[in-house]
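Taking it in order: structure first as C-alpha cells, then the write-up.
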Amino acid sequence: MTDLYAVFGNPIAHSKSPAIHAAFARATGQDLRYEARLAALDGFAAAVAEFIGEGGRGANVTVPFKEEAFRLCSRLSERAARAGAVNTLICCDGVIAGDNTDGAGLVRDITHNLGYVLAGKRILLLGAGGAARGVIAPLLAGEPAALTIANRSADKAEVLAAAFADLGQVEGGGLGNLAGRSFDLVINATSASLSGARLDLPDGLFAPASLAYDMMYGKGETPFLAQAREQGAARRADGLGMLVEQAAEAFCLWRNCRPDTAGVLAELRAGLAG
Ligand code: ATR
C-alpha cells in the first residue's frame, strides 16, 4: 500500500510542499502519496487524528500550527524541544513524535547550497518570534564567533538569548542597539515583509563581503533583500532554499534516504521567475 503523508496548515492551498515531496519521491523511487490538508483553526488535533486513522505515516506542519503540534507530540527531538515548535510529525504505532527541521534546513542552505562558512562569523538574527527561535540552536552549532538576536521588542530577544546561552555566544537586544555595529551574516526572521514594512536598520550594518539571508521568499526580490542591497550587503539569498532543505530533512526522517535538492530548487526558482 502507498504510504500517506501530508502537510497541515491554514491557509494551505498555495503550499509548495506536495510538489517538493512528489519530486523527492520520484527521484528516490519511494512509493508515497503527499497531500496538502487544510485544518480548521480550532481543529488541528482532530485533523491529525483523522489523518492517522487513515494510515498517515508522517506530516509537515506549517503556520499557524507549529506550537500546537509541539504540544500534541508525545515524543520530541532535542531540536524540537529547543525550538518550542514542531514542523515534522512521525506517526508510528499510535505514537506521534515531533521534530523540527527548519533550522537544519536553513543551515544546510547557507552552508551547502550557498557555500558560506558559519564558523567564526558574526551573525545577526532579526526577529524573536517562532521563526527565529527555531533556527538559533542549529546556527550556534555552526560555531559562529557570536550570535546577536535583535528585535523590535528588545525584551523578547533578551529572553530568547538567555534561553540558548548554554549553547554558545549569544546576546539579545533591541534593533536600536545595532548602531555602529556590523555583521558578516544577517538573517531576517521577522514577519515585517508580510506587511511590506521596512526594518529600521542602521547604515554600516552589513560588513564587506557579508551575506543577507531572508527566511521569506516570493516572486522577485523580497523587501528585506532590497533593503540589504541598498545598504551594501555583498551577497543576498531568499528562503526558497531553506524551504526545500527543511523538506529534504523531513523526507530523510520518514524514508531514511536523503533526496538530492538541487533539481527541485532550480524548478521552484524557475516557477517563481515565470
Ligand atoms: P513568526 O512565527 O513568523 O516568527 P511571530 O511569532 O508573530 O511570527 O513573530 C514575528 C516577528 O517579526 C517578531 O519578532 C516581530 O517583532 P515584535 O516581537 O517586536 O512584534 C517581528 N516583526 C513583525 N513586524 C515587524 C516590523 N514591522 N518591524 C520589525 N519587526 C517586526
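The values are calculated or read from the model by the stated rules, or taken from the named source; none is laboratory data. Quick caveat: nothing in here was measured; it's all calculated off a predicted structure. Counting neighbours? That spans all protein chains shown, and the Cβs are built from the backbone with ideal geometry, glycine included. Surface accessibility is based on the protein's heavy atoms, side chains included, excluding ligands, DNA and RNA. Shrake-Rupley method; radii C 1.70, N 1.55, O 1.52, S 1.80 Å.
So here's what we get for this one:
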quantity	calculated
Residues being under 20 Å from ALA157 (Cα atoms) and either open to solvent by less than 10 Å² (accessible area, probe 1.4 Å) or among the small types (Gly, Ala, Ser) (or both) - total across segment 182-234	16
Cβ pairs under 6 Å, 6+ apart, first in segment 115-127 and over 20 Å from PHE224 (Cβ atoms), second of a type in the set (Asp, Glu) and open to solvent by 20 Å² or more (accessible area, probe 1.4 Å)	ALA119/GLU143
Residues located in segment 122-146, provided they are open to solvent by 50 Å² or more (accessible area, probe 1.4 Å) and within 12 Å of PHE183 (Cα to Cα)	ARG122, ALA145
Scope segment 97-138; condition within 13 Å of VAL61 (Cα to Cα) and either among the β-branched types (Val, Ile, Thr) or assigned to a strand (DSSP E or B) (or both); matching residues	ALA97, GLY98, ASP99, THR101
Criterion (within 26 Å of LEU240 (Cβ to Cβ), modelled with pLDDT under 95 and within 18 Å of the chain's Cα centre (by Cα)) met by exactly one of GLY130, GLY84	GLY130
Residue tally, condition touching a helix residue (DSSP H, G or I) at 6+ places or on another chain (Cβ under 6 Å), touching a residue at least 40 places away in the same chain (Cβ under 8 Å) and of a type in the set (A, V, I, L, M, F, W, C), over segment 134-166	3
Residues within segment 171-181 that are open to solvent by 40 Å² or more (accessible area, probe 1.4 Å) and either within 12 Å of the ligand (Cβ to nearest atom) or assigned to a loop (DSSP other than H, G, I, E, B) (or both), tallied	4
Residues located in segment 102-121, provided they are surrounded by fewer than 23 Cβ atoms within 10 Å (Cβ to Cβ) and among the hydrophobic types (A, V, I, L, M, F, W, C)	VAL107, LEU114, VAL117, LEU118, ALA119
GLY84 on the phi > 0 side of the Ramachandran plot and surrounded by fewer than 20 Cβ atoms within 10 Å (Cβ to Cβ)	yes
First in segment 31-50 and under 16 Å from VAL63 (Cβ atoms) and touching a residue at least 12 places away in the same chain (Cβ under 8 Å), second anywhere and in a loop (DSSP other than H, G, I, E, B) and among the aliphatic types (A, V, I, L, M), Cβ under 6 Å, 6 or more apart	ALA36/ILE12; LEU38/ILE12; ALA47/ALA39
Search result, residues across segment 252-261 that are free of Cβ contacts under 8 Å to residues at least 12 places away in the same chain and part of a helix (DSSP H, G or I)	CYS252
Residue in segment 41-63 that is among the polar types (S, T, N, Q), within 30 Å of ALA161 (Cβ to Cβ), open to solvent by 20 Å² or more (accessible area, probe 1.4 Å) and not assigned by TED's automatic domain parsing to the domain that holds VAL135 present	yes
Every residue from segment 64-81 that is without any contact (Cβ under 8 Å) to a residue 24 or more places away in the chain, within 16 Å of the ligand (Cβ to nearest atom) and open to solvent by 60 Å² or more (accessible area, probe 1.4 Å)	ARG71
Among residues of segment 139-159, those that are within 21 Å of GLU67 (Cα to Cα) and outside any loop (DSSP other than H, G, I, E, B), counted	8
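Every residue, every condition in (1) assigned to a loop (DSSP other than H, G, I, E, B); (2) touching an Asp or Glu at 6+ places or on another chain (Cβ under 6 Å), yes or no:
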{"position": "GLY220", "(1), (2)": "yes, no"}
{"position": "PHE224", "(1), (2)": "no, yes"}
{"position": "ARG229", "(1), (2)": "no, no"}
{"position": "LEU243", "(1), (2)": "no, no"}
{"position": "GLN246", "(1), (2)": "no, yes"}
{"position": "ALA250", "(1), (2)": "no, no"}
